[in-house]
Amino acid sequence: MAPTDNPPETFGIDYAPAPESTAVVDIADSYGHFINGDFVEPSSGATFPTVNPATETHLADIADGSAEDVDRAVTAARAAFEGPWGQMPGSERGKYLFRIARQLQERSREFAVLETMDGGKPITESRDLDLPMSAAWFFYYAGWADKLEYAFPNRTMAPHGVAGQIVPWNFPLMMAAWKLAPALAAGNTVVLKPAETTPLTALLLADVLQDIDLPPGVVNIVTGAGATGAALVSHPGIDKLAFTGSTDVGKAIQRIASTRRIPLTLELGGKAAHIVFEDSAVDQAVEGVVTGIYSNQGHVCCAGSRLLVEESIADQFVERLRRRVSTLRLGDPLDKNTDVGAINSADQLQRITDMVATGVSEGADLFQPEVDLPDKGYWFPPTVFTGVQQSHTVAREEIFGPVLTVQTFRTAEEAVEKANNTPYGLSAGIWTEKGSKILWMAEKLRAGVVWANTYNRFDPASPFGGYKESGFGREGGLHGLSPYLRERTGGTRGGA
Ligand code: NAP
Ligand code: MG
């Protein structure tokens, strides 16, 4: 039967709603910064709201961090580094990390519900990815805290001192965990700035840090928007900077860091190629492509946003893909049946809407399934563009939304050339039954992470990071620990 003859899948049944209860979370009316072990008022008294993007309801007022607040946090971090934390043996530091990991596991439902409420991602994703990965990161780096001499044999390593860390809104707690765990295992203290639209799980983490009696000042959290992040980057008391976010802001930070020669890691944007050969297990590949671009509404730096499919199966593949996309359930992120949740903010929705309009105006063919978008909140239907040229904006620029472009190729060489034809280089995916083809491709793809016959898999022992405009430095594994350490060669910063 030709693929187009397949009847639509109508079973005449629907899912009963399965909403996760919000009774497990307790959101305060307002939150201060977390500095020196306590929640403190912002120096200016200024606050900003955080909302639930699925309902547009106001969740809490959040302290807007000024340069003065950043200074207080850096001062507290410095005192903790020169005081208890800096003197503590790695085996003791590790115990704190194990306690954080266990608390994240024990309170995972509360964290997952809060993450979904503040950011709009499906509860199944916050429950099954964000929380387990956050705990796993702390468990993994807890194990390294007392083994630094084995991790870096014949070298004497020392922490930098105070690390400034800035994270985005797509995986708020997980990105914080990826940054905090290696920094603390290595013996640094931290000032963390969460993203403006999703500060609540970082602030709940502060509650955990109080519960486990982490010494005051070891982790400080200053909330705010871009200006707060900029104040942190420019603070002269910062010894190491780590940033995850957009390429433009990353470049601005690199300029500032270079004037002071601060060690810097940048985890930036991506425009990953997801390559499907004709000899792949097609249904599994369809599922992988769907996961690759539509999970977390496409707000994923390593999302497989450019499908490259071998020409011989392209029509059949696109047909199956459209059918599968039409079965995705969009709606209440707290419902356990939901596949596609809310777009994180009105601003991001506008960016996605503009990019898709550009795609249409440049001549690409738009496919969107018929979905009822809820009246309130920020929503965008899963979208597939076919008839895409390499020159099209939607094939070149990161959209950071549920939008897939489809192009074809005839040979593996052409697939590599098209895949690498991007300023980014974070990730890529390959679907084929031939192991030799996977190895040949993986070697030629200019991407920090290459998945084969799967996509979007993470492990704390496995380094993650990019080439080119996707940044530099790695998170995860020993590669993720080393940027938080310097070789002690005597007489410089940090008391060595
Ligand atoms: P963004 O605008 O660059 O923001 C990232 C963080 O930087 C936020 O906390 C933001 O605060 C802050 N910030 C904004 N302007 C700043 C400035 N001038 N100085 C210092 N900090 C500043 O990025 P985004 O839109 O939130 O996140 C999406 C981007 O992150 C995408 O490009 C995505 O690919 C990338 N990303 C990369 C990875 C990776 O591992 N490679 C992982 C996740 C996301 P506000 O939120 O308050 O503006
Ligand atoms: Mg929010």
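What follows is calculated from the coordinates using simple rules that are stated; it is not laboratory data. This one's a predicted model, so the numbers in the text were calculated from it and none came from an experiment. Backbone-built Cβ (ideal geometry, glycine too); neighbour counts: all protein chains shown.
Roughly how big is the range 409-496's charge dipole about its Cα centre, with Cβ charges of +1 (Lys, Arg) and -1 (Asp, Glu), in debye to the nearest 20? Please list the in-between numbers first.
Working: 12 positive and 9 negative charges, 40 e Å.
The dipole magnitude comes to about 180 debye.
What do you get for Rg/Rh of the chain when both radii come from the Cα atoms and Rh is the Kirkwood radius?
We get a ratio of 0.98 for the chain.
For residue 444 paired with residue 256, estimate the spin-label separation in nm (one decimal), with each label point 7 Å from Cα along the Cα-to-Cβ line.
4.2 nm
Please work out the C-alpha center-to-center distance from the range 12-77 to the range 118-155 and express it in whole Å.
Rounded to whole Å, the Cα centres lie 23 Å apart.
Quick one: what are the phi-derived ³J(HN,Hα) couplings along the range 112-118, Karplus 6.51/-1.76/1.60 with θ = phi - 60°, whole Hz, x for glycine and proline?
Values, residue by residue: 5, 5, 5, 4, 5, 5, 7 Hz.
Could you list the residues of the range 123-139 with an amide nitrogen less than 14 Å from a label point located 7 Å from the Cα of residue 211 in the Cα-to-C-beta direction?
Residues 135 fall inside that zone.
Starting from the Kirkwood radius over alpha-carbon pairs of the range 225-265, derive D by Stokes-Einstein at 25 °C in a medium of 0.890 mPa s and give it in µm² s⁻¹.
Numbers: Rh = 10.2 Å.
Estimated diffusion coefficient is 240 µm²/s.
Give the aspartates and glutamates whose C-alpha is closer than 17 Å to that of residue 434, dropping any in the same chain fewer than 8 places away, or say none.
278, 279, 283, 310, 413, 443
So which aspartates and glutamates can residue 95 reach, going by Cα to Cα under 13 Å and dropping same-chain residues fewer than 8 places off?
Answer for residue 95, where 13 Å is the Cα cut-off: 146, 213, listed by chain and number.
Take the cross-link list 251/418; 271/336; 179/251; 271/468 and give me the ones stretching past 23 Å between alpha-carbons. Before the final figure, lay out each step's value.
Values: 251/418 25 Å; 271/336 29 Å; 179/251 19 Å; 271/468 12 Å.
Where the Cα-Cα span goes over 23 Å, the pairs concerned are 251/418; 271/336.
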